[in-house]
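For reference, the structure is listed below as structure tokens.
Readers should treat all values here as calculations from the given coordinates under stated rules, not as data from a laboratory. A quick note: this is a predicted structure, and the numbers were derived from the prediction, not measured. As a convention, Cβ positions derive from the backbone with ideal geometry for all residues, glycine included, and neighbour counts pool all protein chains shown.
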């Protein structure tokens, strides 16, 4: 089975892989447009950052497929006043999207190295409403 062409930009990824497949919540789409997936994939996979596929990150873990992230986030129906508990922070991609939508995100990660890297990445990107725990 042939793979779909990889989007060239985060905006194109959201438009062609997420919105075009039925995710309609304007706040979810705006959050996904703002959070650049390329910042959350390993450097050696930057050429695949906008693929509609889960990608390996480290320690046997993956960053989720963008469409699934959008679908799950829309199903959550986040409210700006919510406090969210996320299980499995990984690189922090879903965490950042949630942080754009809710008051506070608490994320638990089982792999200490992933948790430390995600915590630093999210801090560097200016997410002060996120707490990453091991």
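Ranked highest first by average number of other Cβ atoms within 10 Å, how do 5-13, 93-101 line up? Write out the running numbers ahead of the final one.
Working: 5-13: 15.1, 93-101: 24.1.
Highest mean packing first, the order is 93-101, 5-13.
Could you tell me what percent of the DSSP beta bridges with both partners in the range 10-133 are antiparallel, to the nearest 5?
Of all bridge pairs located within the range 10-133, approximately 25 percent are antiparallel.
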The base-10 log of I(q)/I(0) that the Debye equation returns for the chain at q = 0.12 Å⁻¹, one scatterer per C-alpha, is -0.42
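Over the chain, what is the relative contact order in percent, taking alpha-carbon pairs closer than 8 angstrom and at least six residues apart? Provide the component values of the computation, followed by the final result.
Values: 204 pairs, mean separation 27.3, N = 134.
After rounding, I find 20 percent.
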Given the rule -39500 (n - 2.57) for each run of at least 4 DSSP H residues, summed and divided by the residues of the chain, what is its mean residue ellipticity at 222 nm, to the nearest 500 deg cm²/dmol?
-> -10000 deg cm²/dmol
Which parts of the range 25-45 would a label at residue 54 reach, counting a residue when its backbone N lies under 19 Å from a point 7 Å out along Cα-to-Cβ?
-> 37-38, 40-42, 45
